[in-house]
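Each remark here refers to the structure printed beneath this line.
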Amino acid sequence: MFRFGILLIVVLLFSPTVFAQESKRANVWFFGYNAGIDFNKGRPVGIANNELTQREGCSSVADELGKLVLYTDGIRIWNKKHKLISGDVELGGNDTSTQSALIIPMPGNSNIYYVFTTYTKLICVTIDMRLNNGSGGVASRTVLLENSTEKLAAVRHCNQKDYWILSHEKGNRTFRSYLLTEKGITKSSIAGKIGTPLDFYKSVGNMKFSPQGDKLAMAVYGKGEYQLFNFDNSSGTLSNPISVRHNDFLSAYGLEFSPNGNFIYVSETVNVGRPIFQLDVSVMDARKIIASKTEIGRPSESYYGAMQLAPDGKIYVARDGLKYLGVVNNPDLKGSKCSFVNDGFELPYGTSSMGLPNFSVAPVEIEPVVSILEKKLCNDVTLVAETNTLLSKSTFQWYNGKQEIKGADSRTYKPMSSGNYTVTMQDKCSDKPVSSEEVKVKILEISAGWSALECGLLELSARANSKVIWTGNGISGENENELKVQVSGSGQHVYFVKVLDESDPSCYVEKKLEVDFGICDATIFVPDIFTPNGDRINDTFDVIISDGEGVKLKIYDRWGEVVYLKEKTEMHWDGKINGMDAMTGAYTYILEYKNARGHEFTRRGTIILQR
C-alpha cells in the first residue's frame with residue numbers, strides 16, 4: 001500500500017489460530033526485515049535465519065507439531081530450510097500489499113498447502129511438499145479474482161475441516177468467499193454486497209475474523225472508518241454491516257480482535273505518534289462502540305502497523321523500523337487493564353516493519369449440545385431448545401417418547417398433553433444430530449360426564465391426571481375428591497369439577513357439568529270434591545301419597561284464611577272449622593311433600609266441599 005510516496009498503514013492482518021486451536025500451525029512467525037518469533041515454548045523467543053524482507057503483508061505456517069513448513073511475502077516462498085522454492089513463478093503479492101499473502105493447509109492432506117496472494121489480483125498457488133525430493137515446489141497457479149483489493153482473511157468452516165477464504169473486489173462493495181475442502185478450492189461465491197465500496201486506496205488496511213469466527217472487521221483507509229460484519233461460517237456469508245467512524249481513524253490500518261471477541265484494537269499508520277485504541281464490540285451498535293473508544297498507548301517514535309493475536313493469548317503490534325513490538329498483555333480486559341506496552345518484546349534478530357504474519361482463524365471446536373428449558377405458567381407450557389451453537393445453524397425436531405411430532409420443527413414447542421418429551425438438533429456444522437435428555441411434562445387434563453342410575457340418582461365421573469375437587473348440590477367433604485360420585489336430586493343442576501396442580505394450588509383446570517335428574521315425583525291422589533254429610537261416602541278430604549310422605553297441608557277459604565293445617569301426620573279434612581261445619585263451596589289447598597329420596601315438592605289445587 002506504500003504508493004505514490006505515501007507511507008502506509010499498520011495493522012494486524014491475520015486472524016488468530018491462537019491457543020484456542022487444536023494445532024500449532026501459527027507458532028512460528030517470519031515477518032518484517034529478517035525478524036522471527038517462535039511460540040513453541042509457550043512464550044515468544046526470537047529466531048534467526050529469516051530470508052524475508054517485507055514492508056507489509058506476509059504469512060508463515062507450521063505443521064501440527066509447531067515445526068516450520070513454509071513462509072512467504074506473497075512474492076517468494078521459502079521452505080523450512082529457508083530455501084526458495086517458488087522459482088520464477090509470479091505469485092501476485094507485493095511489498096506494499098497490506099495482506100499480501102496467506103498460507104492454508106489443504107484439509108485432509110499434509111503434503112499440500114495453498115498460498116493465496118493479493119495486491120491487484122487474488123491468486124492461488126498450490127505447493128506440494130513432495131516435489132523436489134521433499135523440499136517442496138509449485139504445483140499450480142490459478143487467478144481467482146482479476147480485480148482484487150489488498151484484503152485477505154481466512155477462517156475455518158464450522159465443520160472443523162474446511163476453510164473459508166475471504167477477499168474483496170476493487171471498485172465496489174462485493175466480498176467474495178472461496179471454500180477450500182479436501183477436493184481443493186471451489187468456485188467463488190458472493191459473501192455479500194455490503195459495506196463501503198473499496199477503491200485503490202481504501203483497499204489499504206487489515207481485514208480480520210474474530211477468534212470465534214462469527215464477526216469480521218475491516219479497516220477503510222482514508223475514510224476514517226472501521227467496518228464490522230456478522231459472519232456465518234456455515235455458509236460463508238456476511239450480514240449486519242456496522243460503520244464505526246472517527247477522525248482518529250483517518251489512516252485506518254491496524255486491527256485485531258481480543259481472544260474473547262469482545263474488543264477490537266485499532267490504529268492508524270504512517271503518522272508518527274498516533275495512538276492505539278480499544279473498542280468494545282460486544283454489542284454491534286456504532287454509537288456504543290464509538291462511546292467505548294479508549295486510548296491504550298501511543299508511540300514515542302515511529303508508528304504502529306499490523307496487529308496479530310498470538311498463541312500465548314497476547315496481541316503483538318508492529319512498529320515500523322524498530323527492534324521492538326508493542327504488546328497487549330491482557331487483551332480481554334477493558335481499558336487500561338489490557339496492559340499495553342510499547343516496547344513489549346525485543347527482537348533479537350531483524351527489525352519490525354509494518355506487517356505481521358497473516359494466519360487463518362480456527363475457532364475452538366464446540367461439541368453441539370441441546371437441552372430443554374420448560375417455561376410453565378399454570379397449564380400453559382412452552383418447551384425451548386437450549387443449545388451452545390448458533391441458532392441460525394440448527395434445525396430441530398420434537399418427540400413425545402419415541403413418536404415424532406409432525407410439524408414440531410422449530411426451536412420452541414407447546415405440548416398439548418402430558419408426556420416425556422425430547423428434542424433432536426441437527427447442526428449445519430455437524431454430521432450427526434444430537435438429542436436432549438428426556439423432560440417429563442405434566443399438562444393438567446380432565447374430562448367429565450354423568451350417567452343416570454335411576455330417576456333422581458346420577459353418577460358423576462371424571463378422568464384426570466391429578467387431584468380433583470367436585471362442587472355442587474349433594475357434594476360433601478367425604479366425596480369431593482373421588483373420581484366417581486353418586487348424587488341425587490330432581491330436575492336440572494350444575495356441577496363443577498377441578499383438576500389441581502398439586503405443586504401450585506392456584507393452578508387448576510375446571511369443567512362444568514349440566515345434569516338432569518328428571519322429575520321423580522311421588523304418586524299422589526287428591527280428590528276434586530268431597531261431601532261431608534255423614535253417609536260415610538266421601539265424607540273426608542283425604543290426600544293419599546305413595547312412594548313418599550306428606551310434609552304439610554294447608555287449606556284456605558275464599559278469603560284466604562287458613563281453615564286447616566296439618567304437618568307430617570295423616571292428612572284428611574272432615575269439612576269442619578273449629579268443630580263447626582264449614583260452608584259449602586270452593587277451597588284452595590297447598591300440599592308440601594317429599595318423594596322417596598327426600599326431595600321436596602309442592603302442589604296447589606282447589607277442592608269443592610258439597611253437602
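The values are calculated or read from the model by the stated rules, or taken from the named source; none is laboratory data. All values derive from a computational prediction rather than experimental measurement. No Cβ is skipped: glycine too gets one built from the backbone with ideal geometry, and neighbour counts run over all protein chains shown. When the accessible area is computed, the model is the full protein with side chains, heavy atoms only, and any ligands, DNA or RNA have been set aside. Shrake-Rupley method; radii C 1.70, N 1.55, O 1.52, S 1.80 Å.
Take the conditions modelled with pLDDT of 95 or more, under 18 Å from ASP73 (Cβ atoms) and open to solvent by 10 Å² or more (accessible area, probe 1.4 Å) and apply them to GLY305. Does it pass? The answer is no for GLY305.
Can you name every residue in the range 234-254 that is under 27 Å from ASN159 (Cβ atoms) and open to solvent by less than 10 Å² (accessible area, probe 1.4 Å)? Even if it seems obvious, please write down each step before you answer.
Initial filter on the range 234-254 (under 27 Å from ASN159 (Cβ atoms)): 234-241.
Result: GLY236, single match.
Among the criteria (1) open to solvent by 10 Å² or more (accessible area, probe 1.4 Å); (2) touching a residue at least 24 places away in the same chain (Cβ under 8 Å); (3) touching a Phe, Trp or Tyr at 6+ places or on another chain (Cβ under 8 Å); (4) not in a loop (DSSP other than H, G, I, E, B), the one GLY92 does not fulfil is (4).
Residue count for the range 505-543 under the criterion of being open to solvent by less than 20 Å² (accessible area, probe 1.4 Å), in contact with a Phe, Trp or Tyr (Cβ under 9 Å, 6 or more places away or on another chain) and part of a strand (DSSP E or B): the result is 4.
Listed here are the residues, each with its yes/no results for (1) of a type in the set (Val, Ile, Thr); (2) touching a helix residue (DSSP H, G or I) at 6+ places or on another chain (Cβ under 8 Å); (3) surrounded by fewer than 18 Cβ atoms within 10 Å (Cβ to Cβ).
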residue: PHE116; (1), (2), (3): no, no, no
residue: LEU131; (1), (2), (3): no, no, yes
residue: SER140; (1), (2), (3): no, no, yes
residue: THR149; (1), (2), (3): yes, no, no
residue: ASP162; (1), (2), (3): no, no, no
residue: ARG173; (1), (2), (3): no, no, yes
residue: LYS183; (1), (2), (3): no, no, yes
residue: ILE190; (1), (2), (3): yes, no, yes
residue: PRO197; (1), (2), (3): no, no, yes
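Scanning for something of a type in the set (Lys, Arg) and either without any contact (Cβ under 8 Å) to a residue 60 or more places away in the chain or surrounded by fewer than 16 Cβ atoms within 10 Å (Cβ to Cβ) (or both), does the range 378-401 turn up at least one residue? Break it down into steps so the answer makes sense when it comes.
Looking only at the range 378-401, we keep the residues that are of a type in the set (Lys, Arg), and these are 393.
When the remaining residues are screened for being either without any contact (Cβ under 8 Å) to a residue 60 or more places away in the chain or surrounded by fewer than 16 Cβ atoms within 10 Å (Cβ to Cβ) (or both), the result is none.
No - not one qualifying residue is present in the range 378-401.
Pick from the range 483-493 the residues that are exposed (fewer than 15 other Cβ atoms within 10 Å of the Cβ) and under 14 Å from ALA448 (Cα atoms): which of them is nearest to the chain's Cα centre (by Cα)?
Taking the range 483-493 and keeping what is exposed (fewer than 15 other Cβ atoms within 10 Å of the Cβ), we get 483-484, 486, 491-492.
Okay, now just the ones that are also under 14 Å from ALA448 (Cα atoms), so 483-484, 486.
On the way: LEU483: 43, LYS484: 46, GLN486: 52 Å.
In this case the residue turns out to be LEU483.
Tally the residues that are surrounded by fewer than 17 Cβ atoms within 10 Å (Cβ to Cβ) and touching a Ser or Thr at 6+ places or on another chain (Cβ under 9 Å), restricting the search to the range 34-53. Within the range 34-53, residues that are surrounded by fewer than 17 Cβ atoms within 10 Å (Cβ to Cβ) and touching a Ser or Thr at 6+ places or on another chain (Cβ under 9 Å) number 1. Exactly one condition in (1) exposed (fewer than 13 other Cβ atoms within 10 Å of the Cβ); (2) closer than 26 Å to LYS402 by Cβ; (3) of a type outside the set (Val, Ile, Thr); (4) touching a residue at least 60 places away in the same chain (Cβ under 8 Å) is false for GLY449; which is it? For GLY449, the exception is condition (2). In the range 254-268, the condition of being of a type in the set (D, E, K, R), more than 13 Å from HIS168 (Cβ to Cβ) and in contact with a helix residue (DSSP H, G or I) (Cβ under 8 Å, 6 or more places away or on another chain) is met by at least one residue.
The one condition from (1) more than 26 Å from ASP320 (Cβ to Cβ); (2) in a loop (DSSP other than H, G, I, E, B); (3) modelled with pLDDT of 95 or more that LYS187 does not meet is (3).
Meeting the requirement of 3 or more residues that are without any contact (Cβ under 8 Å) to a residue 60 or more places away in the chain, within 22 Å of THR149 (Cβ to Cβ) and in contact with a Ser or Thr (Cβ under 8 Å, 6 or more places away or on another chain), the strands (runs of 3 or more DSSP E) wholly within the range 221-279 are 225-232.
From the list LEU84, LEU70, LEU65, the one residue that fits, being touching a Gly at 6+ places or on another chain (Cβ under 9 Å) and either at pLDDT 95 or above or more than 19 Å from GLY32 (Cα to Cα) (or both), is LEU70. Here VAL364, VAL341 are screened, and the one residue that is assigned to a loop (DSSP other than H, G, I, E, B) and open to solvent by 10 Å² or more (accessible area, probe 1.4 Å) is VAL364. In this structure, does SER476 turn out to be crowded, with 18+ Cβ neighbours inside 10 Å and small (Gly, Ala, Ser)? Taking the combined requirement at face value, the residue does not satisfy it. Per the conditions (1) modelled with pLDDT of 90 or more; (2) part of a loop (DSSP other than H, G, I, E, B); (3) within 30 Å of GLY236 (Cα to Cα); (4) of a type outside the set (Asp, Glu), the sole criterion not satisfied by VAL423 is (2). Among the residues here, GLU56 qualifies as assigned to a loop (DSSP other than H, G, I, E, B), open to solvent by less than 20 Å² (accessible area, probe 1.4 Å), in contact (Cβ under 8 Å) with a residue 12 or more places away in the chain and not hydroxyl-bearing (Ser, Thr, Tyr).
Residues are listed down the side, and each one gets a yes or a no for (1) charged (D, E, K, R); (2) under 35 Å from the mean Cα position of the chain (by Cα); (3) under 20 Å from TYR119 (Cβ atoms):
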position: TYR201; (1), (2), (3): no, no, yes
position: GLY205; (1), (2), (3): no, yes, yes
position: ASP214; (1), (2), (3): yes, yes, no
position: TYR221; (1), (2), (3): no, no, yes
position: PHE229; (1), (2), (3): no, yes, no
